[in-house]
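Chemist: Please find one structure pasted underneath; my questions will follow.
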Amino acid sequence: MSKITFIGGGNMASCIFKGIIKTRPQKDEIIVSGPHLEKLEHFKQCGATITSDNVAATRASDVIFLGVKPQMLTTVLTELVAAGIDFKNKLTVSMAAGYMCNSIAKIIGSPCIIRIMPNTPSKLGLGVVGIYYAPETSAEDRALCKELLKGLGSIIETTDEEGINVIGCLGGSSPAFMYRFLEALIAETVARGFAERDARQMIQQMALGTASMCIANPDTPISQMREAVTSKGGTTIEGLKMMTEYHFEEMMSAVVKASMDRTREFERMFS
Ligand SMILES: NC(=O)c1ccc[n+]([C@@H]2O[C@H](COP(=O)([O-])OP(=O)(O)OC[C@H]3O[C@@H](n4cnc5c(N)ncnc54)[C@H](OP(=O)(O)O)[C@@H]3O)[C@@H](O)[C@H]2O)c1
């Protein structure tokens, strides 16, 4: 059993909380702290203690999940330290994009930090969660963190802190890129006479089926699965030719680069 506090009870904290209570029912004492108690009611209904006192909440626990936006993190941590919180005997788990372990350690005076990068499908247990352990974290801390996050989906550990940035963009931001792709296909379906509802049903089922084909055939190259849909002289190949003509891969490369560049800006801002 662990005593766990979430500082900030927003979207991501809620995903992680749900994952923890699903896989470790009744096992942990969980506190969620945030400025608006009414927004935290749903945590209370699931057995957590809620408060707007970050200091008391942090003092009471051994594992602290930092669930505030990166722009808020410096202020929140500085206030906790000023109030006398000693982080040395705590495990600090940060989900803040672009906020490096060193930058957190400089404020809290402890290097015992784990960075995690979940994505929104974690809500359904179908997420991708990146984990980077600062070298000073113990084997027990690492095992506990992994155990707490296992209900969120696939865990990808990276031994290099830069890896968490890559997971942040390609695992964390990519659902938005994918939604955009799906939105475009739905719009094309609607433009050809289908009701929005039916178009959405078709396109989302296509996406689920396609991802499921990849998962069901891990040894088959994805290019081979694509070729299996592409007969010579057929209809699909004409569409694929357009993707090439419109530089699809270059566009995706620019998309990822822009997202990574923003991460770098955050790193500079928060260092
Ligand atoms: N969303 C994603 O896909 C995603 C993916 C990976 C990582 N992350 C990271 O997860 C973190 C949270 O993002 P999110 O999407 O969950 O944002 P969010 O829903 O806006 O959650 C932030 C929470 O922080 C609370 N908060 C604000 N000031 C606070 C304070 N002084 N003390 C305690 N709590 C405070 C807010 O409360 P009020 O609403 O009551 O003001 C809100 O509940 C960020 O660092 C982000 O980089 C997000």
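Chemist: Scan region 17-29 and give yes if some residue there is touching a residue at least 60 places away in the same chain (Cβ under 8 Å), over 21 Å from S271 (Cα atoms) and crowded, with 22+ Cβ neighbours inside 10 Å, otherwise no.
Modeler: Yes, region 17-29 contains at least one residue that is touching a residue at least 60 places away in the same chain (Cβ under 8 Å), over 21 Å from S271 (Cα atoms) and crowded, with 22+ Cβ neighbours inside 10 Å.
Chemist: Tell me the strands (runs of 3 or more DSSP E) entirely within region 1-71 that contain at least 2 residues that are within 13 Å of the ligand (Cβ to nearest atom) and over 22 Å from the mean Cα position of the chain (by Cα).
Modeler: On the way: elements: 3-7, 29-33, 49-51, 63-66.
Strands (runs of 3 or more DSSP E) meeting the threshold: 49-51.
Chemist: Do any residues in region 170-185 that are among the hydrophobic types (A, V, I, L, M, F, W, C) have Cβ atoms under 6 Å from those of residues that are buried (at least 17 other Cβ atoms within 10 Å of the Cβ), where the two are at least six apart or on different chains, and which pairs are they?
Modeler: L182/I203; L185/I203
Chemist: Let me ask another. If K3 passes every condition in (1) in contact (Cβ under 8 Å) with a residue 60 or more places away in the chain; (2) more than 18 Å from G125 (Cβ to Cβ); (3) buried (at least 17 other Cβ atoms within 10 Å of the Cβ) but one, which one does it miss?
Modeler: In the conditions (1) in contact (Cβ under 8 Å) with a residue 60 or more places away in the chain; (2) more than 18 Å from G125 (Cβ to Cβ); (3) buried (at least 17 other Cβ atoms within 10 Å of the Cβ), K3 misses (3) alone.
Chemist: Within region 117-154, which residues are in a strand (DSSP E or B), under 15 Å from the mean Cα position of the chain (by Cα) and surrounded by 17 or more Cβ atoms within 10 Å (Cβ to Cβ)?
Modeler: Those that are in a strand (DSSP E or B), under 15 Å from the mean Cα position of the chain (by Cα) and surrounded by 17 or more Cβ atoms within 10 Å (Cβ to Cβ): M117, G127, V128, V129, G130, I131, Y132, G153.
Chemist: What are the residues in region 88-111 that are more than 16 Å from the ligand (Cβ to nearest atom) and either surrounded by 17 or more Cβ atoms within 10 Å (Cβ to Cβ) or not assigned by TED's automatic domain parsing to the domain that holds Y132 (or both), if any?
Modeler: Selection gives K90, L91, A105, S110, P111.
Chemist: In the set V190, V256, which member is closer than 30 Å to K69 by Cα, β-branched (V, I, T) and at pLDDT 95 or above?
Modeler: It is V256.
Chemist: Of M213, M206, M202, which residue is in a helix (DSSP H, G or I) and in contact with a Phe, Trp or Tyr (Cβ under 9 Å, 6 or more places away or on another chain)?
Modeler: After applying the criteria, what remains is M202.
Chemist: Sticking with this structure for a sec: Go through region 72-116 and count every residue that is part of a strand (DSSP E or B) and touching a Ser or Thr at 6+ places or on another chain (Cβ under 9 Å).
Modeler: Counting residues in region 72-116 that are part of a strand (DSSP E or B) and touching a Ser or Thr at 6+ places or on another chain (Cβ under 9 Å) gives 6.
Chemist: Separate question: With M242, M269 as the choices, which residue is more than 20 Å from the chain's Cα centre (by Cα) and either at pLDDT below 95 or surrounded by 13 or more Cβ atoms within 10 Å (Cβ to Cβ) (or both)?
Modeler: On the way: M242 fails: either at pLDDT below 95 or surrounded by 13 or more Cβ atoms within 10 Å (Cβ to Cβ) (or both).
Only one candidate qualifies: M269.
The values are calculated or read from the model by the stated rules, or taken from the named source; none is laboratory data. Fair warning: this is a prediction, and the values are worked out from it, not measured in the lab. Glycine gets a Cβ as well: all are built from the backbone with ideal geometry, and neighbour counts include every protein chain shown.
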